[in-house]
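The values are calculated or read from the model by the stated rules, or taken from the named source; none is laboratory data. Just so you know, these numbers come straight off a predicted model, no measurement behind them. Every residue, glycine as well, gets a Cβ built from its backbone with ideal geometry; the counts of neighbours run over all protein chains shown. Quick note on the areas: whole protein, heavy atoms, side chains included, nothing else; ligands and nucleic acids left out. Shrake-Rupley method; radii C 1.70, N 1.55, O 1.52, S 1.80 Å.
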Amino acid sequence: MMGPAHSLSGAAAWLGLGAAAAALDHPMPWPVLVVGALICAGAALAPDLDHKSATISRSFGPISRILCGIIDQLSYAVYKATRSKSDPRRSGGHRTLTHTALWAVLIGAGASALAMTGDRWAVLGILFVHMVLAVEGLLWRAARTSSDVLVWLLGATSAWILAGVLDEPGNGSHWLFTGPGQEYLWLGLPIVLGALVHDIGDALTVSGCPILWPLPIARKRWYPLGPPKSMRFRAGSRVEVKVLMPVFMILGGVGGLGALELF
């Protein structure tokens, strides 16, 4: 999938989770619903850190381009070191390490640990990165015609305001995890969900996605999971733009209403 579809699917997934949480009598405060949806939309772009031409590679200027190159080489090295005889030879790391459930869980756990043990600046940093990515994914037309500095300022301003809202009593810093010192432990959840939704979206395309690595499937370590090939589509195709993106918008709206218990 392309960046806008990934971000829309991420936001819709978190809003759907919000509806499920409300149905289970553990509703999200509205700031958690909003912030989580934006984080999830941004995190749904992050697995493409292994692709030098992806949206995320342009999001933070030279820093993200260099990081994408490093992640690409790291992913390629892991692929070569762990591939089985049945796995094909590759010349790069795209859709390998960062497109696995294991990577999603590790990144989310790392973000939760940073948010819980770091100070306010750690939370602001996590929010800033994902707000910028959310702008790049959800408002991609405007982002591409604006300067990077304006996008970064919007991300920084949004992060500062939203962090202040979350810090207010009852607004969600302790949502789901209420123990002492567990503020913002939930921040890793939309990051994990966003990465997994990205992987599922890529699994629907022609190339599939090795979500379950390193579990061996059909004698392959990097088995590209996906539906039957007749049901797959190419990234950026009419199916993605004309069918899936509107569906994500509708599902997100329904999920948001359910999360706010407006039905």
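Calculate how large, on average over all directions, the projected area of the Cα convex hull of region 4-54 is; give the answer in nm² to one decimal.
If you wrap the Cα atoms of region 4-54 in a convex hull and average its projections, you get 3.6 nm².
Most fluctuating residue of Trp222, Trp121, Trp30 in a GNM of the chain with Cα springs under 10 Å: which is it?
Trp121
With the other protein chains left in place, how much accessible area per residue, in square angstrom, belongs to the chain at a 1.4 angstrom probe?
49 Å²
I need to check one value: relative contact order of region 104-202, counting alpha carbon pairs closer than 8 Å and at least 6 residues apart, in percent.
Result for region 104-202 is 43 percent.
Along its three principal axes, how long is the chain when you only count alpha carbons? Whole Å, largest extent first please.
Per principal axis, max minus min of the Cα coordinates gives 56, 41, 40 Å.
Over the Cα atoms of region 24-151, Rg to Rh with Kirkwood Rh, two decimal places?
Answer for region 24-151: 1.02.
How would you classify region 152-208 from its alpha-carbon gyration tensor, with a ≥ b ≥ c the square roots of the eigenvalues: rounded for a/c under 1.5, else prolate if a/b is greater than b/c, otherwise oblate?
Here region 152-208 falls in the oblate category.
Let me know the charge dipole size of the chain about its Cα centre in debye, to the nearest 20, where only the beta-carbon of Lys, Arg (+1) and Asp, Glu (-1) is charged.
The dipole of the chain has a size of about 1600 debye.
Carbon and sulfur: what percent of the chain's accessible surface (1.4 Å probe)?
Here carbon and sulfur together make up 69 percent of the probe-accessible area.
Provide the net charge surrounding Leu162, with neighbours chosen by a C-beta distance below 14 Å and charges set as Lys +1, Arg +1, Asp -1, Glu -1.
Surrounding charge for Leu162 is -1.
I want to check the label-to-label distance for Ile66 and Arg144. Put each point 7 Å from Cα in the C-beta direction and report it in nm to one decimal.
Between Ile66 and Arg144, the simple spin-label model gives 2.7 nm.
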